[in-house]
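What follows is a single structure, written as structure tokens, with notes after it.
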Amino acid sequence: MDGRQWRGTITAAQSGDRQALDELVAGWLPLVYNIVGRALGGHADVDDVVQETMLRAVDGLGSLRDPDSFRSWLVAIAMRQVRERARRRSGTQQLTEGAESAADFAELTVLRLQLEGQRREVAEAVRWLDDEDRQLLSLWWLEVAGELTRRELAAAVGISRQHAAVRVQRMKGRLETARGIVRALESSCTELRQLTVRWDGRTDSVWRKRFARHIRGCGRCGGPSEGLVPAERLLVGLALVPVPAGFTLSLALGGKTAVAAAVPVAWSAKVIGVLSKPAVAVTAGATLAAGGAYVVVEQPDAPPPQAAAPTAASTARPPLRAPSPTPTPTPSRSPSPTKKAELYGTVVDTVDRAPDPNAQPAALPHRPESGITSTWGPKAVMQHRGESVTLKGQGYVLVRWQISPKYRPGQVVMPSWTGLKGKLFHVASGGGRRMDDPLEGSPDGYATGMGGPSIGYAVLPDGTQQMWQNEYFYVDGTVTLNQNERGCDYGVTVFPSSWDSVTEDITAGPDQGAIRYGLVRDNGKDTAPVPQYVSRATPADPATVPQRSRV
């Protein structure tokens, strides 16, 4: 995209041509959206900053003397608005709000551009950069992709080209460090796993330094980097992230209005997930359809369920290494003796107590593995209500939990499995701890992964099985996992896995730095536990799937 190619359109818009103005806004909105989105890390203010940038550009279009310089002029306006937004907010607010949403644009980049391998790694590493580096990277990324020139990058930052070269080089160094962190966190390093026990999932500078220090001293995480491709080679020719379906831009300028870039009138799923009081909510998720289209189904928002106040029984935990009482299973419905088809789906998870941390897991039956494909690629990171991932094939799947009561405590609306074709089992729990295990060394008031007295608790629906950090399932067919967050803030990350990986996880016991060994739930038969929230139907609101449903 080059300003010179738009000379006629720009000149016509300056002369008052309404259609030309609309074409101009529609054509340049993706560039502005990518600059602002990446600079702010997907913060909820992205839509406001994009709106303000386009408003100022349209309002000041008449003062632009050279239409050929339109692109550099527009980019400079966008960066001024990004910096102005930073000045308006206090340092504390920026740190608090930015850290919890910094993953948004990285995830959107991976999803919308269908990135895999090292390209995905670069996109995810962005969340570990500080605000200043992210702002510079938002321009450098587009320079490497062929959307900007170095002269335009330097002008937008307000420095010379020589100084820009130095700044870019330093930023690239920190980006490579962040790429190393992304790789390490996906490895099976025991020492790193022990370090992450107390990590709350926030990509802040403190944990960036801790992980970087570990990588430098670890032969496994900081080993040879053969095969690593420089970031600039990975980004060459990469397309712009499309403006989300439903992004609204309305520019009212006295008597003239730009028609808002020809996109549907609604908010994107990501923006809705961050706003505190949306008018509507995306409940059927956002999935990639043919041609990379983003399909969004909207339903009226429902008020979040009221969380029950935690009781002493619900928050008290046994000593870390004390044996727990024998679990009392909830009776399950007996299968009909005359209908073998009912054997599957009649046994679901039941509420249990935490086993003895020193209890060795039972042997995990080995079910057939032909492979699992995912609509999110190697890893799905679902942090907001309405997101979903469809899994297809025959094999094991890991669902990793991250509950964040310190951001928003209350009732947890559990994820649900919908559109099941075939069979689905809950086969094992691992990750070294249950979410309600005590976090040794945690500050007062944040006693477990489910919360504490000073910040509130994540409260499970009555009768729901307590999650472990890693929950493993077996898919034989097709099913969609839906993120239904409405009360307490939580996220789930979904990976295709393997029997070997599950076995390695659940047998990594306390002597290896974990709190407890894992737990095997699978008996290798159709009477193995089935997830509590599963349905063969595909409801408009996946959160309405009943608990202990039969499949």
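Laboratory data are not the source of any read-out in this text; all were calculated from the coordinates shown. Just so it is clear, the structure is predicted and the values come from calculations on it, not from any experiment. Neighbour counts run over all protein chains shown; Cβ positions are idealised from the backbone, glycine included.
Of the peptides 122-133, 47-58, the ranking by mean beta-carbon count within 10 Å, highest at the top, reads 122-133, 47-58. The label-point distance for GLN194 and ARG210, in a model that sets each label 7 Å from Cα toward Cβ, rounds to 1.4 nm. With R₀ fixed at 60 Å, the C-beta to C-beta distance from HIS366 to SER15 puts the FRET efficiency at about 0.25. Net charge around VAL534, counting only other residues with Cβ within less than 11 Å of its Cβ (Lys, Arg = +1; Asp, Glu = -1)? Computed value for this residue: +3. The peptide list 162-171, 509-518, 480-489, put in order of mean Cβ contacts within 10 Å with the highest first, becomes 480-489, 509-518, 162-171.
Count the lysine pairs in the range 346-544 whose Cα atoms sit under 20 Å apart, keeping only pairs 8 or more residues apart in sequence or on different chains. Qualifying lysine pairs in the range 346-544: 5. Pull up the DSSP beta bridges for the range 346-544 and report the antiparallel fraction as a percent, rounded to 5. Rounded to the nearest five, the antiparallel share is 90 percent. Summarising the label geometry, the points placed 7 Å from Cα in the beta-carbon direction at ARG151 and VAL236 lie 2.3 nm from one another. For ARG550 and ARG80, the difference between the fully extended length at 0.36 nm per residue and the C-alpha to C-alpha distance is 163.6 nm.
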